[in-house]
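Notes to accompany the following structure.
The values are calculated or read from the model by the stated rules, or taken from the named source; none is laboratory data. Everything numeric in this text was worked out from a predicted model, so none of it was measured. All Cβ positions, glycine included, derive from the backbone under ideal geometry; neighbour counts span all protein chains shown.
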Amino acid sequence: MATVSTKGQITVPKALREKLGLRAGTRLEFHIEEGKLVAQKVVEKDPFETWVGRAKSRFSKTTDETVNELRGGPPERWVRKHAKERRKA
């Protein structure tokens with residue numbers, strides 16, 4: 001049970017905070033559902049998630065291709081392996 005303070009604040013019981021992973025600064029949304037006050041944890045988007053995959057579309061080379069170019073070409077064993085595959089085809 002919680003009591004609403006004069007500022008409109010409530011304290012979520014510790015057992016519920018721990019079970020739901022609520023910490024100081026966690027944001028909650030409130031709405032009414034069938035006459036009950038429902039609080040729902042706001043799941044923030046990972047700020048890095050919006051950048052995932054963007055570099056791929058801007059650059060045509062893969063990481064391996066870039067590293068190989070910087071090192072002066074692919075490793076010798078890669079060249080031998082792919083040379084054999086080309087001869088078979």
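Count, please, the residues in the stretch 50-89 that happen to be at pLDDT 75 or above and in a helix (DSSP H, G or I).
9
Among all residue pairs at least 6 apart or on different chains, which show Cβ distances below 7 Å where the first residue, located in the stretch 21-34, is in the same structural domain as Ile10 (by TED's automatic domain parsing) and among the hydroxyl-bearing types (Ser, Thr, Tyr) and the second is modelled with pLDDT under 95 and assigned to a strand (DSSP E or B)?
Thr26/Lys41
Just wondering, is there one or more residues in the stretch 22-40 that are in contact with a Leu (Cβ under 6 Å, 6 or more places away or on another chain) and surrounded by 10 or more Cβ atoms within 10 Å (Cβ to Cβ)?
There is at least one residue in the stretch 22-40 that is in contact with a Leu (Cβ under 6 Å, 6 or more places away or on another chain) and surrounded by 10 or more Cβ atoms within 10 Å (Cβ to Cβ).
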